[in-house]
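Single-structure report; data block below.
The values are calculated or read from the model by the stated rules, or taken from the named source; none is laboratory data. Computed from a predicted structure; not experimentally measured. Glycine also receives a Cβ, built like all others from the backbone with ideal geometry; neighbour counts cover every protein chain displayed. Please note that ligands, DNA and RNA were not included when accessible areas were found on the heavy atoms of the full protein model with its side chains. Shrake-Rupley method; radii C 1.70, N 1.55, O 1.52, S 1.80 Å.
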Amino acid sequence: MKLKTTLMAALLAATTAGAGWADPVKVGMITTLSGGGAGLGIDVRDGFMLAVKQAGNPDLEVVIEDDQRKPDIAVQLADKMIQSEKVDVLTGIIFSNLAMAVIPAATAQGKFYLSPNAGPSALAGRGCHPNYFNVAWQNDNLHEAAGAYANEAGFKNTYILAPNYPAGQDALTGYKRFYEGALAGEFYTKLGQTDYAAEIAQIRASGADSVFFFLPGGMGISFLKQYAASGVDLPVVGPAFSFDQGILQAVGEAALGVKNTSQWNKDLDNPANVAFVESFQAEYGRLPSLYASQGFDTANLLLSAMAKADVSDTEAFRAALKEADFASTRGDFRFGPNNHPIQDIYVREVIQEGDVFTNKTLGVALEDRGDAYADECRM
């Protein structure tokens with residue numbers, strides 16, 4: 001799948017009058033648009049392209065390809081975009097195993113990579129790079145906040161599980177970094193797994209007083225439905241990835257009341273977010289997800305840098321990105337020393353509004369949180 005943006009002259013005239021855009025920038029977006037996890041990639045793409053449309057910058061071209069959630073495909077696409085398409089910036093990857101396969105090679109070739117999602121610990125610490133910016137979070141962050149919430153909720157013996165890939169490993173590491181209680185069990189599932197009967201049986205027999213899980217996309221839908229049907233009645237806490245807007249409708253009542261952690265929610269009361277939620281609904285006919293907000297912020301970060309520097313001037317463009325001079329949907333946002341966000345992370349609760357399952361913000365779990373790996377970064 002390939003998409004190149006061409007905006008109508010009337011829109012350009014209305015939105016770019018007086019703007020001092022620099023040299024043209026070509027973006028290669030590699031994201032998951034089919035198979036498991038497609039909803040995540042679609043939301044990142046749609047959020048990104050909404051910001052592009054709103055900016056009306058004729059000097060920004062976006063080429064979009066589907067990685068099918070396969071590392072080898074992602075590598076092939078990145079090579080093609082760098083060698084044949086001559087892109088200046090890469091973005092879009094959802095899953096951390098794909099990020100690890102693509103990002104180090106792309107930045108080593110002098111390309112900028114702006115991550116709208118995956119934030120593996122290996123790229124936040126010793127594997128950091130001046131041309132790699134994460135606009136979402138470092139993988140551990142939302143799980144750290146879940147651990148902090150678990151303490152406040154009085155959980156003393158949590159059973160924890162996640163898929164066995166870099167983001168899953170970071171998830172359990174992050175939860176344990178802040179959680180102060182004991183572990184009733186710790187288990188890594190297969191990536192893409194859909195049958196959780198054995199894991200739920202282990203939870204039932206473990207003596208746990210609570211469950212923490214990270215199972216993004218369809219994995220989370222399968223687990224929650226099976227968990228609700230099992231009769232196991234332990235409180236669940238998790239990151240937003242398993243309780244986000246695109247997932248909740250499929251899960252339904254089984255998710256009601258669940259507490260989850262996120263750096264964004266649709267009810268955050270700042271002008272950028274209010275306008276984003278309204279415009280996303282108008283454009284696509286659905287509520288935005290966490291992933292859509294991250295795609296939107298990633299595009300606006302890029303546009304803010306384009307307004308200040310030429311992409312051909314690597315040092316100046318890098319400095320412009322580092323400034324993060326854009327209005328984020330999540331409110332306060334800045335980069336830490338390893339080009340990863342410093343931001344608040346919230347506790348949300350799954351609720352029902354009419355026929356729609358969604359989240360409401362309860363409060364801040366971690367304030368101005370950076371990440372645990374920044375001190376290892378030597379840039």
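Worth pointing out:
- Residue within the stretch 247-261 that is open to solvent by 20 Å² or more (accessible area, probe 1.4 Å) and either in a strand (DSSP E or B) or not assigned by the TED database to the domain that holds A198 (or both) present: yes
- Test: residue in the stretch 131-154 that is modelled with pLDDT under 95 and at positive phi: no
- Every pair of residues 6+ apart whose Cβ atoms lie under 8 Å, when the first sits in the stretch 47-60 and is charged (D, E, K, R) while the second is at pLDDT 95 or above and open to solvent by 10 Å² or more (accessible area, probe 1.4 Å): K53/E283
- For the stretch 80-119, filtering for residues that are of a type in the set (F, W, Y) and either surrounded by fewer than 24 Cβ atoms within 10 Å (Cβ to Cβ) or in a strand (DSSP E or B) (or both) leaves 2.
- Meets criteria (in contact with a helix residue (DSSP H, G or I) (Cβ under 8 Å, 6 or more places away or on another chain), surrounded by 20 or more Cβ atoms within 10 Å (Cβ to Cβ), at pLDDT 95 or above and among the hydrophobic types (A, V, I, L, M, F, W, C)) for V75: no
- Restricting attention to the stretch 206-231, the residues that are among the hydrophobic types (A, V, I, L, M, F, W, C), touching a strand residue (DSSP E or B) at 6+ places or on another chain (Cβ under 9 Å) and surrounded by fewer than 24 Cβ atoms within 10 Å (Cβ to Cβ) total 1.
- Single match in T32, T16 (criterion: open to solvent by less than 30 Å² (accessible area, probe 1.4 Å) and either among the basic types (K, R) or modelled with pLDDT under 95 (or both)): T16
- Check on S289, touching a residue at least 12 places away in the same chain (Cβ under 8 Å), polar (S, T, N, Q) and over 30 Å from P235 (Cα atoms): no
- Among the residues of the stretch 40-62, those identified as part of a helix (DSSP H, G or I), in contact with a strand residue (DSSP E or B) (Cβ under 9 Å, 6 or more places away or on another chain) and not basic (K, R) are L40, G41, I42, V44, F48, M49, V52.
- Residue list for the stretch 25-44, filter: more than 13 Å from the chain's Cα centre (by Cα) and closer than 14 Å to I93 by Cβ: V27, G28, M29, I30, L33, A38
- Checking every residue in the stretch 302-320 against the condition of being within 29 Å of F178 (Cβ to Cβ) and either outside any loop (DSSP other than H, G, I, E, B) or open to solvent by less than 40 Å² (accessible area, probe 1.4 Å) (or both) gives zero matches.
- For A324, the conditions (1) surrounded by fewer than 20 Cβ atoms within 10 Å (Cβ to Cβ); (2) under 15 Å from A136 (Cβ atoms); (3) without any contact (Cβ under 8 Å) to a residue 24 or more places away in the chain are fulfilled apart from (1).
- Total residues in the stretch 328-369 satisfying the condition of being closer than 24 Å to E315 by Cβ, in contact with a strand residue (DSSP E or B) (Cβ under 6 Å, 6 or more places away or on another chain) and open to solvent by 20 Å² or more (accessible area, probe 1.4 Å): the figure is 3.
- Restricting K259, K308 to those that are more than 24 Å from A374 (Cα to Cα) and either over 20 Å from the mean Cα position of the chain (by Cα) or among the aromatic types (F, W, Y) (or both) reduces the list to K308.
- Residue count for the stretch 370-379 satisfying the condition of being surrounded by 12 or more Cβ atoms within 10 Å (Cβ to Cβ) and part of a helix (DSSP H, G or I): 2.
- Residues satisfying the stated conditions in the stretch 136-193, i.e. closer than 17 Å to G207 by Cα and of a type in the set (S, T, N, Q): N157, T158
- The stretch 50-65, residues that are open to solvent by 10 Å² or more (accessible area, probe 1.4 Å) and touching a Lys or Arg at 6+ places or on another chain (Cβ under 8 Å): E61, E65
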